[in-house]
Each structure stands twice: as structure tokens, then as C-alpha cells.
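Please read the structure below before turning to the comments.
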Amino acid sequence: MIKEGITEDDALDKDKISKRTPIDINGVPCGLYIKKSRSEPKWSKLFYDVDGIDLNIFKSESVRGLLVVNIENRLFAFTFGHGRSMLKSFMVERGFGLRVTLNLGDSDQIKSIDKSTLEKVSLNTRSQISKNTNVNDFDFEFDQEILKSICAVVEDTDSESSEIVSGCDSVSINTEIKLDTFPDLAKRLLVAYRDDKYQQRYPWVDFIQFISDPLLLQQLNEEMAELINEGEYDDVWISPPEVIDYNDFSGFVYKIRKDQSPCFHSELDLSTYMAEPKPRKPITIDALKRREIFKFNAEEKNIGGWPVFHCMNCELSLNGETYILNDGKWYRIDSEFSESVNNFFNSLDKCQIEFPPYNGMKEGEYLREIADGENFALLDQQWIHPKGTGNRLEFCDLLSQCDAFIHVKKYGSSSVLSHLFSQASVATDFLLNDPSVQEQVNKHLEETYLSVNFNSEDSPRKYRIVLAIMQKNAGELHLPFFSKVNLRHHARRLINMGFKVELAKININ
């Protein structure tokens, strides 16, 4: 479906279309475009010099078609062959196919779903099962996964054979078709698109929506650039987009100058970045995508970096909607979902342990500094090997004498912080289900005054989980929105195991 208010002429790529053939289908005005093209595969050049080969054999013809149907002043483009290439991609109504599929498809006869995670590494997957079923059998985590597309059997179909519908931006429907039925099909798709019954079937589907509309993306990027240029850094900041090995780290460098030693920064800070290299103003998104932030290892060697844009985080409101920039991608966030996530974050208890300031130290350096074997026992880099997994992991970073398993991480992007939350829930799950874990942890604690004495039958639990974040910013602990989403997911898991979850902020000084 073409965006509302866009004309047929504006929606089509003039360099790729043929002459328009106007046709009338049952009183509905339509435009037909048919184009033939000749092509030759690149690999054919390998055989140009072979005797006895007729080069015409490599020539092939293809035909593409596009039928534009106007229903209630909305344009529908039915494509044939590679006919979609005749459309300007940014003129297509985003999410049209997914919404139609959610409304037309039988929620108990889903064939497959495509989803993307919000975890430390964004994972795009397609899940298919041996028989049609509902979404619950796909293990879809609504609070940390985004539904990208779905395929299902059409509900209450009158045809002799079952119709299949699937979609994301475009929609594909397997149904009987004749030329005079295109207007009826377009009307049917329009009715399905306008329906809101999907909100009862899948109330979570609008919680987080990936933004792919180029015009909206441009507007969001311009809004963020304006905040940067005006020095308003409350809702826009930079952070490492990946987990940093602080045991092999000298610092971040904003600009490399010839014949000058690099200026190292232990943390990323947008105001410092804007002041040190003094980038030319006004800042543009293209400039943020071209310029880089570098990371240097312990030997002060440049080991790569990222475009500044990939380090950007932003939370802003536009036309009454909330948008989040995370890992280089923009998302629209449902207001009720945002409110529930923030309420959960605010409801978590604040840890009463007084952590000394980290004064710009690296994670490992700070942990070794405060671990005295009596108040805090060091478990950072002390590996345990749960049985039957073949993997190793840290149980926690610190064990306190007041029965707290403390997990510590320097502030970073949501993908960085999700590593912290995941470590806490996975390690605790192993403690509950693998007796060897407690033995291995206590082996590491032999030279301290502390030990773990955990009984899975205890209620309430003797121990609690503390998630501590080293953060430079003044005031209360601040987390990116998607970090709060991941925190809620893992904190609920820990709470269901019977543990209390607390948050702590470790200040810089």
C-alpha cells in the first residue's frame, strides 16, 4: 500500500517504469505498467573466449509488471515478477503487511514468525514449527523481542483451499485471483489494515516498533542533531556500543593527530567529545557517521573503533510519540509500555552498601582496589564451569559480607548493560540447579574470610542480587530505555527464583 496522500506519479520510479496503460476494472480506475528487460549474468564473461560458444545463449529476457489500484483514495500496488523495483521504497506504507496479516490470519494457525531480540547482540531469527499453532508455542518474549513478520492461515476463509497470508511492509496472500477481483482484494486488504482487532489478539505488538520510514528517520536524526548543536545533552549521549575488555584497555581517543600522542579518555562523554576535537558546526548525521571514536589497548595501540553515530543514544518525543535511538536504529515506543518499564525500574530497591568512588579506574582495577577479603571478596575473573555445559562464566564480581552477590559493570549502551543483567540471571540459575557451582565458588574464596552457604530450600532467600553500575553522570542512576527493558526481563526471572534484586550506582568521585 502506498502512503496516504501520495499520488501514483510520485510513488513510481520514473527511471524504471514503462508507459502507463490505463485500465478500468469494474468501474475502478487502475494503471498497468509492463516492462521487458534483457540481462546477462556476470559469470558469462568467464566463457567469452571459449570456441564454439554462442554468446547469445547468455542473453535472457524478463518481464516485470505493476498494477496500481485506487480504492477509497488509497493506492495499492500489485507486483509481478520484479515489479516492486518500479516503486520508490520510501513511498510504501511501513508495517502494512504485518498489520494486515495480524488481522486476517488465524491466531491459532500461525506457521512462522520472524523476530529480532533486544539482547546484547541483536539476533534476527525465523521460527517455524511442525504444525500450525498460536504465538505462545514460539517462545516469543514480548518484553524484549520485536515481531518483524508473521505467516498464518487466513481466518474464516470461504475458499475451498486454505489461504496463507504473510507480511512485514508488503503483504503476500496465497489466494485465487482474476483480473476483475483485484479491486475486491484491495478493498479486503484495506479493511484488514484499518481493523484494530489485532490489539486484542497481540496486545504487545505495538510496544516496540522498528522505524524504517526514510522520511521519519530523517526527521528523527535532524531532531537529534539539533540537540547536539544546541548543547542539550540530557536526552542524547554517547556510550561504547560493545563490551570493553578493561583488562586490555588504555582509553578512548576522539581524534588522532599526526606527530602527537593520543589523548586518552577512560569513558565516553558527549560534551567532552564536542569540546576536544571541536568538530565543525553545525553537526550533521553524515558527519557523525563518517567520524570515528577509537579504542586503544593496554599497549596504547589503536585496535579499531566505531563511527560516532553507532555510539549515539537518544530518547526524544516527536508529535506526541516517544522514540529511542539504540545501536544505530530508531524505535517507536508505546507510551503505556514505556510507563510500565519505567515504573518497574523505579520500584527496584536501591542498595544500601556504600561503594567507594571509582575515580576513573577500570572495572578490574576498581574491584581489586576495594576487595579486602573481609567486606568484599573478589570473584572477578574467577571462572566456574557448570556441569554439562562446556562453558565457563563468572559467578559474580564481588561477594559482600552482608550476603550480596554483586555484579559490576561500567556504564555503556543497552547491549553492554544487558551483558551484566544476563550474567546475573544465568549464574544464579546455575547456583540453584548445579550443586557444583557453590563448591567451585567457595574454592575461589579459600584465601578470604567469606564463603557462600546457600540452601535452595531457604525462604526467603539468604542472599540478594546487586546490580552495580559505574557511572560518571551526576544524580541518580540513569539507564537507556532498552537497558531498563532487559533489566526488567532478567530481574523478574531472579525474583521468580526467590531473590531480591537491588540497584546501585558507583559514582566517579
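A few points about this structure:
- Extreme residue, nearest to F294 (Cα to Cα), among residues of region 201-224 that are of a type outside the set (F, W, Y) and touching a Leu at 6+ places or on another chain (Cβ under 8 Å): M224
- Close pairs from region 53-81: first in contact (Cβ under 8 Å) with a residue 12 or more places away in the chain, partner in a loop (DSSP other than H, G, I, E, B) and buried (at least 16 other Cβ atoms within 10 Å of the Cβ), Cβ under 6 Å, at least 6 apart: F76/M1
- Only one of the numbered conditions (1) touching a strand residue (DSSP E or B) at 6+ places or on another chain (Cβ under 9 Å); (2) surrounded by fewer than 17 Cβ atoms within 10 Å (Cβ to Cβ) is violated by V68, and that is (2).
- Among the residues listed as D458, D434, the single one being open to solvent by less than 50 Å² (accessible area, probe 1.4 Å) and either modelled with pLDDT of 95 or more or not polar (S, T, N, Q) (or both): D434
- Top-ranked residue of region 168-179 - restricted to ones that are in contact (Cβ under 8 Å) with a residue 60 or more places away in the chain and either on the phi > 0 side of the Ramachandran plot or not in a loop (DSSP other than H, G, I, E, B) (or both), ranked as most open to solvent (accessible area, probe 1.4 Å): L179
- Looking across region 49-76, the residues that are hydrophobic (A, V, I, L, M, F, W, C) and touching a Gly at 6+ places or on another chain (Cβ under 8 Å) come down to V63, L66, L67, V68.
- Answer residue from region 477-509, given it is among the aromatic types (F, W, Y) and under 24 Å from V236 (Cβ atoms) and is surrounded by the fewest Cβ atoms within 10 Å (Cβ to Cβ) among those: F481
- Considering residues of region 71-90 that are open to solvent by less than 30 Å² (accessible area, probe 1.4 Å) and not hydrophobic (A, V, I, L, M, F, W, C) only, the residue farthest from L32 (Cα to Cα): R74
- Members of region 281-319 that are outside any helix (DSSP H, G or I) and among the basic types (K, R): K281, R291, K295, K301
- Under the condition of being open to solvent by 70 Å² or more (accessible area, probe 1.4 Å) and either in contact with a strand residue (DSSP E or B) (Cβ under 7 Å, 6 or more places away or on another chain) or within 30 Å of R194 (Cβ to Cβ) (or both), the residues counted in region 47-65 number 3.
Every residue, every condition in (1) open to solvent by 40 Å² or more (accessible area, probe 1.4 Å); (2) over 15 Å from G95 (Cβ atoms); (3) not β-branched (V, I, T), yes or no:
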site	(1), (2), (3)
T181	yes, yes, no
R188	yes, yes, yes
D196	yes, no, yes
R201	yes, yes, yes
I208	no, no, no
E222	yes, yes, yes
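- The set of residues from region 478-509 being among the hydrophobic types (A, V, I, L, M, F, W, C) and either over 29 Å from E374 (Cα atoms) or free of Cβ contacts under 8 Å to residues at least 60 places away in the same chain (or both) comprises L479, F481, F482, V485, L487, I495.
- Hey, R94 open to solvent by 60 Å² or more (accessible area, probe 1.4 Å), modelled with pLDDT of 80 or more, in a loop (DSSP other than H, G, I, E, B) and within 21 Å of K3 (Cα to Cα) or not: yes
- Selection within region 387-423 - modelled with pLDDT of 95 or more and small (G, A, S): S400, A404
- Where helices (runs of 4 or more DSSP H) fall wholly inside region 320-437, the ranges with 2 or more residues that are closer than 30 Å to G95 by Cβ are 335-347, 414-433.
- Candidates in region 438-460 are the residues that are polar (S, T, N, Q) and outside any helix (DSSP H, G or I); of these, the one that is farthest from F395 (Cα to Cα) is S459.
- Conditions (1) out of contact with any Leu (no Cβ under 7 Å at 6 or more places or on another chain); (2) open to solvent by less than 80 Å² (accessible area, probe 1.4 Å); (3) of a type outside the set (S, T, N, Q); (4) free of Cβ contacts under 8 Å to residues at least 60 places away in the same chain: number failed by F252: (1)
- Taking first residues from region 10-26 that are closer than 17 Å to V92 by Cβ and partners that are at pLDDT below 95 and among the polar types (S, T, N, Q), the Cβ contacts under 8 Å between residues at least 6 apart in sequence or on separate chains come to D13/S85; K16/S85.
- Residue ID - most open to solvent (accessible area, probe 1.4 Å), chosen from residues in region 27-46 that are in contact with a helix residue (DSSP H, G or I) (Cβ under 8 Å, 6 or more places away or on another chain) and outside any loop (DSSP other than H, G, I, E, B): K35
- Subset of region 1-22 [part of a strand (DSSP E or B) and surrounded by 13 or more Cβ atoms within 10 Å (Cβ to Cβ)]: I2, L12
- Among residues of region 73-91, those that are assigned to a strand (DSSP E or B) and over 26 Å from D206 (Cα atoms), counted: 4
- W330 vs. criteria in contact (Cβ under 8 Å) with a residue 60 or more places away in the chain, over 16 Å from D235 (Cβ atoms) and among the hydrophobic types (A, V, I, L, M, F, W, C): no
- When residues of region 285-304 are limited to those that are farther than 27 Å from Y358 by Cα and touching a helix residue (DSSP H, G or I) at 6+ places or on another chain (Cβ under 6 Å), the one least open to solvent (accessible area, probe 1.4 Å): L288
- Within region 263-284, being in contact (Cβ under 8 Å) with a residue 12 or more places away in the chain, charged (D, E, K, R) and open to solvent by 60 Å² or more (accessible area, probe 1.4 Å) holds for one residue alone: K281.
The values are calculated or read from the model by the stated rules, or taken from the named source; none is laboratory data. The structure displayed is predicted, hence computed values, not measured ones. Note that each Cβ is placed from the backbone with ideal geometry, even for glycine, and that neighbours are counted across all protein chains shown. SASA here: full protein model, heavy atoms, side chains in, ligands and nucleic acids out. Shrake-Rupley method; radii C 1.70, N 1.55, O 1.52, S 1.80 Å.
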